[in-house]
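Asker: Before I ask anything, here is the structure I am working with.
Read the figures in this text as sums done on the coordinates, not as results from a lab. Computed from a predicted model, the values in this text were never measured in an experiment. Cβ sites come from the backbone with ideal geometry, for glycine too, and all protein chains shown count toward neighbours.
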Amino acid sequence: MRGLHYISGGTAAGPDQWVGAIQRDRNNVDSLFLVKSDRALPYLNEGRRSKDIFSRIRAFVMNIELQDTKGRKILTAPWPSAFAKDGTVVFPSSENREHEEALAKSVRPDLVVLATGYVRRFFFLGEEYPKPDELDVRGIWRRGDLTAGFIGFVRPGIGAIPPLAELQAQLWVLNLLRYQYPQQVPSPMAAPGEAAYPDSVPHYEVDYALKARGGHDFFKTKHGVEQESYAYQLALDIGSAPTLSFMMRQGFKAFFTWAMGSNFNPKFRLVGPWKWKAGALEIMRGELFDVVKQTGGGVFFTTYTLFPLVLFGTLTVVLHGTAGIFRLFGMNDRAKAVLGSGNVPRREGDE
């Protein structure tokens, strides 16, 4: 991704992002919330784009569309340490070159906006209710207490909250019904490795949590998740993730949409307790097929399936081969260390 940003915009920090780069130890897509709006970037970049010979050649061959800011710009500065009595901002010293222009000026703002973020708290709920950071079952409810579900309070690094909220609601309501009416809505008793419902994928755990890097842990503080992985985990929990063999029987358009597209919610209405097969197939064969076809199913397959399969498949073969050599020499502990525990790294409630 950083390489694509560099080719298209000249900087690896983001698409034409010359200011405000994430620190190197945090700059990984598996630990960030990506800003989806780039409306401020042209004003941040004003006067900062590289003009060396290589950048000019690259921009001649390929460059994203640049917006004319008519000379207007946004300056960046360190967090203010104080405000003087006349309203002038007092900035601490900074060695960051991006701050030089702002620190060289005397800044007396007309308006100050405190963009301090948010805290997930519901002060109108009693002490007996769980707090959002205590929701240890997929970020929806507290283990052992199904009576209070919090829907829509996970945040995907890339993606939208509403589709995930729909799947969260399905999982919570299903478990609530099983709890309240165990005779009418029994929980399927599938053996380990078996599917809970016909044509559904057997349950397993997916690593969907954003990673902690550089002293920031968005999974712990804001329940940050990877959209595709979290959606699929909820579908596995519900029993609504269809199998390959089932999808192959649904015709080319439905299969193409399922294989080449994102984890659209209609994918998880084909099997399981919330099955709506006729309606879901109509959507997948219609509007979603058109979307996947236009956005390039081959690109999605190559980037999300083929490349990871080749990369991680090769690493897996190398690791198992190395572990096998250690076992031949009786070094079983070293073999286990090479392969690791196999456990999913993080779950709700883990430190």
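Asker: Treating cross-link reach as a plain straight distance, find the lysines whose alpha-carbon is under 30 Å from the alpha-carbon of LYS73, omitting any fewer than eight places away in the same chain.
Answerer: LYS36, LYS51, LYS85, LYS105
Asker: Still on this structure, I have one more. If packing is taken as the average number of other Cβ atoms within 10 Å across a peptide's residues, how do 152-159, 323-330 rank, most packed first?
Answerer: Working: 152-159: 18.5, 323-330: 12.6.
Sorting 152-159, 323-330 by mean packing, highest first, produces 152-159, 323-330.
Asker: Taking the convex hull of the Cα atoms, report for region 299-339 its projected area averaged over all directions, in nm². Don't skip to the end; give the middle numbers.
Answerer: Working: hull surface 10.4 nm².
Average projection, Cα convex hull of region 299-339: 2.6 nm².
Asker: Taking a label point 7 Å from the Cα of LEU177 along the Cα→Cβ vector, which residues of region 240-283 have an amide N closer than 15 Å to it?
Answerer: Inside the label zone: 240, 269-277.
Asker: Another question about this same structure. Quick one: which residues, 5+ away or cross-chain, put their amide H under 5 Å from the amide H of ARG155? H built at 1.01 Å from N.
Answerer: HN-HN under 5 Å from ARG155: GLY224, VAL225.
Asker: Work out from phi, with θ = phi - 60° and the Karplus expression 6.51 cos²θ - 1.76 cosθ + 1.60, the ³J(HN,Hα) of each residue of region 175-183, listed in order in whole Hz, and give x for Gly and Pro.
Answerer: 6, 5, 5, 5, 6, 7, 10, x, 7
Asker: Work through the residues other than GLY251 whose Cβ is under 14 Å from its Cβ and net out their charges, Lys, Arg +1 and Asp, Glu -1. Don't skip to the end; give the middle numbers.
Answerer: Values: positive: ARG249, LYS253, LYS277, ARG285; negative: GLU282.
Combined, the nearby Lys, Arg, Asp and Glu give +3.
Asker: With labels modelled as points extended 7 Å from the Cα through the Cβ direction, what inter-label distance (nm, one decimal) is found for LEU311 paired with MET331?
Answerer: Label at LEU311, label at MET331, 2.8 nm between them.
Asker: Using θ = phi - 60° and the Karplus form 6.51 cos²θ - 1.76 cosθ + 1.60, what ³J(HN,Hα) does each residue of region 273-280 get, whole Hz, x for Gly and Pro?
Answerer: The phi angles translate into x, 9, 4, 9, 4, 4, x, 5 Hz.
Asker: What is the fewest-to-most order of GLU226, GLU95 by other Cβ atoms lying within 10 Å of their Cβ?
Answerer: Details: GLU226 22, GLU95 7.
Lowest to highest Cβ neighbour count: GLU95, GLU226.
Asker: Please turn the phi angles of region 218-223 into ³J(HN,Hα) values with the Karplus equation 6.51 cos²θ - 1.76 cosθ + 1.60 (θ = phi - 60°), one per residue in order, whole Hz, x for glycine and proline.
Answerer: Along region 218-223, the couplings run 6, 5, 6, 8, 10, 6 Hz.
Asker: Viscosity 0.692 mPa s, temperature 37 °C: Stokes-Einstein D of region 132-295 from its Kirkwood Cα radius, in µm² per second? Numbers along the way, then the final one.
Answerer: Numbers: Rh = 16.8 Å.
Once the numbers are plugged in, D ends up at 196 µm²/s.
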